[in-house]
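Have a look at the structure below before the remarks.
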Amino acid sequence: MQYDVVVIGGSYAGMAAALQLVRARKAVLVIDAGQRRNRFASHSHGFLTQDGVDPGEIARTARAQLQAYPHLVWKDGKAVAVTGARDDFTVMTDDGLSHHARRVLFATGVIDQLPEIAGLPERWGRTIFHCPYCHGYELDMGRIGVIATGAMSIHQAELLMDWGKVTLLTNSAVEPDLDARRKLETRGVTLDDGRIDRIEGEADMLMADGRRLNFAGIFTATRCVPSSPLAEELGCAMEETPMGIQVRTDEEKQTTIPGVFACGDAARVPHSVSLAVGDGAWAGIQLHRSLLWPDA
């Protein structure tokens, strides 16, 4: 079967894009490996009408609504190769099948590269976060620890003061200069240059010097990379951002390869469910336009 669009990635951005396309009665295949970035979180916040809802439930509801459209085919599996050119792409999946389409959309999301600190991965998405707009309010203005990973952590610590009393733990990852230290002090951020040994309890940091620091929650600025190498392997240009590597797109969400689009966390910063949905919806509209007017 020849699809109009194959969407690689069936999380929020991919489904939002697919919805625009099936409502335009385009034949769409969504290939989803089932690894949502926020699968570790129990609640999603900041998404209008869905504030505080389990992000898994949001995804399940969206999928059910999407699959009510007859022009949608959903495939649970992993895309392993993409070849071809505009109007004649082939997407291979891990079951050995080939799927043909006029356009390809990468909505693969990203992987968070976490600081190598004992106890951190187990608490990621539960008491350790990256987005204050998603998780800051629930900390009820309590003590917040920020684990530094680079220069962006200084900005993150300053920002988080609107959600609690912040301590920036440099952990040998960043050395704020005098000007940065003055800005942090002015903002009310406490600076701790000690080294973190591990994280215990809900959000307790055990320092190398024996101190135990208790926090209501912890934030860290992870470095993100696309969760799939397929866009880069196809030849799409990548770009460096303050948050990591992403697929380069233009204002219409088209990559540097004609007929190939990208959206969501893999193709924009900053990241959140609501921003991913908006980005996906825009990509779906632009994909539809490209099918109608390929030379526009």
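Each value in this text was obtained by applying a stated rule to the coordinates, not by laboratory testing. These numbers were taken from a predicted model, which means no experiment stands behind them. Reconstructed Cβ throughout: ideal geometry from the backbone, glycine too, with neighbour counts over all protein chains shown.
Here the gap between Glu240 and Arg86, fully extended at 0.36 nm per residue and compared with their Cα-Cα distance, gives a gain of 52.8 nm. Relative to the longest principal axis of the Cα atoms of the chain, the long axis of helix 178-187 lies at roughly 90 degrees.
Can you give the angle from 0 to 90° between the axis of helix 12-23 and the longest principal axis of the chain, with both taken from C-alpha atoms, to the nearest 10? Roughly 30 degrees, rounded to the nearest 10. In order along the range 38-50, phi translates into HN-Hα couplings of 9, 5, 7, 8, 8, 9, 10, 10, x, 9, 3, 6, 10 Hz, rounded to whole numbers, per the Karplus curve 6.51 cos²θ - 1.76 cosθ + 1.60 with θ = phi - 60° and x for Gly and Pro. Rounded to the nearest 500, the helix-only mean residue ellipticity at 222 nm of the chain stands at -7500 deg cm²/dmol, with each DSSP H run of n ≥ 4 adding -39,500 (n - 2.57). Taking 7 Å steps out from each Cα toward its Cβ at Leu114 and His155 produces label points 2.4 nm apart.
Once the C-beta distance of His100 and Trp74 is scaled by a Förster radius of 22 Å, the resulting FRET efficiency is 0.80 to the nearest 0.05. Under 30 Å of direct C-alpha separation, and excluding same-chain neighbours fewer than eight residues apart, Lys183 reaches these lysines: Lys165.
Axis angle, to the nearest 10 degrees, between helix 55-66 and the longest C-alpha principal axis of the chain: 10 degrees.
Neighbours of Gln67, meaning other residues whose beta-carbon lies under 14 angstrom from its beta-carbon, give a summed charge of +2 when Lys and Arg score +1 and Asp and Glu score -1. For Asp88, neighbours were defined as the other residues whose beta-carbon sits under 13 Å from its Cβ, and their charges (Lys and Arg +1, Asp and Glu -1) total +1. Computed from label points 7 Å out along Cα-Cβ, the spacing between Glu185 and Arg126 is 3.9 nm.
In this structure, Arg23 and Glu252 have a Cβ-Cβ separation that, at R0 = 30 Å, corresponds to a calculated FRET efficiency of about 0.95.
Highest mean first, the peptides 283-291, 226-234, 14-22, 128-136 sorted by other C-beta atoms within 10 Å per residue fall in the order 14-22, 283-291, 128-136, 226-234. Once the C-beta distance of Gln35 and Asp162 is scaled by a Förster radius of 35 Å, the resulting FRET efficiency is 0.65 to the nearest 0.05. Database remark: amide H of Arg223 closer than 5 angstrom to the amide H of Gln113 (H placed geometrically; neighbours at sequence offset of 5 or more, or on other chains; Pro and chain starts carry no H). Taking 4.7 Å between beta carbons as the limit, the unpaired Cys residues of the chain are Cys224, Cys236, Cys263.
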